[in-house]
1. Pick from HIS216, HIS75, HIS195: which is most flexible by mean-square fluctuation in a GNM of the chain where alpha carbon atoms under 10 Å apart are linked?
2. What is the Å³ per residue value for the convex hull set by the Cα atoms of the range 38-164?
3. At q = 0.08, 0.09, 0.16, 0.18 Å⁻¹, what log₁₀ I(q)/I(0) does a Debye calculation on the Cα points of the chain give, no solvent, two decimals?
4. Using the crude model of +1 on Lys and Arg Cβ and -1 on Asp and Glu Cβ, and no other charge, please compute the dipole size for the chain relative to its Cα centre, in debye to 20.
5. Just to confirm a number: summing +1 for Lys and Arg and -1 for Asp and Glu over residues other than CYS155 whose beta-carbon lies under 11 angstrom from that of CYS155, what do you get?
6. Take the alpha-carbon positions of the range 1-71, form their convex hull, and give its projected area averaged over all directions (one quarter of the hull surface) in nm².
7. What is the spin-label model distance, in nm, from VAL50 to ARG101 if the labels are put 7 Å beyond Cα along the C-beta direction?
8. Mind sorting SER215, SER107, SER113 by how few other Cβ atoms lie within 10 Å of their own Cβ, fewest first?
Amino acid sequence: GRIIGGSEAKPHSWPYMAYLSTGKSRCGGFLIRPDAVLSAAHCVAGKTNVNITVTLGAHNVTKRERSQQKFRVGHWVIHPNYSPDTSENDIMLLKLKPKARMTKQVSYISLPSHNERVKPGTKCKVAGWGRTLRTGDVASVLMEVDLEVQNDHVCEDSLKNYLPESMICAGDMNGKKAFYQGDSGGPLVCNGKAHGIVSYRQKNSVFPEVFTRVSHFECWIREQLRK
């Protein structure tokens, strides 16, 4: 994935940001509790013998920064109704053992309450270590970009599998800013809460983009956390 038209994030200004590595692929995620990370199901679904490493507190993922905390994830849950064909229910929860230590560079982010919705026009941010458009190289430092929540019909008109109740439509109408895969699983942060999870967009197009609507899955998330 990549962030297009973004800029380097101020180091550790996204203390809940998680870097997921499965050896072959990489994704974003975000800490919602000292022992729990949310990400997108498509990051690992359908792959066998996956070893997931989660790095917290990173700015430059190619360096061994003192702030980093690394975890090998022993347990994760993909939403039982996740569909790779339609990207429906593109959400997974990873449990960390031991728990992360809360520091200046590592903390968790609040989630919206059940069915709390962000209005179209709301300015949000996405971050990730995806590819950058300028060079096409994978970003080693965390990049961020501003995106705006769009009316659902913008996504419904161009994407046949868009479901307004469980997805958020967002993007930059001018097509100058976007995420690409590799930023998958990272949070769409609006008003200080993780409202969305980077999910998908049309091939060869940067607008609009689809995010998993976190508030729709609040009950499922709570249920998984209790286990």
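Rule-based calculations on the coordinates, nothing more; no lab input. Predicted model only: the values in this text are computed from it and were never measured. A quick note on method: Cβ atoms are made from the backbone with ideal geometry, for glycine too, and the neighbour counts reach across all protein chains shown.
1. Looking only at HIS216, HIS75, HIS195, the largest GNM fluctuation is found for HIS75.
2. On the way: hull volume 21.4 nm³, N = 127.
Taking the convex hull of the Cα positions in the range 38-164, it is 168 Å³ per residue.
3. -0.24, -0.31, -1.05, -1.38
4. On the way: 32 positive and 20 negative charges, 235 e Å.
It works out to roughly 1120 debye.
5. Numbers: positive: LYS160, ARG201; negative: ASP152, GLU156, ASP157, GLU209.
Charge balance in the 11 Å sphere: -2.
6. Working: hull surface 21.8 nm².
Mean projected area for the range 1-71: 5.5 nm², to one decimal.
7. Placing both labels 7 Å beyond Cα along the Cβ direction yields 2.9 nm.
8. Values: SER215 22, SER107 16, SER113 9.
Ordered by Cβ neighbours within 10 Å, fewest first: SER113, SER107, SER215.
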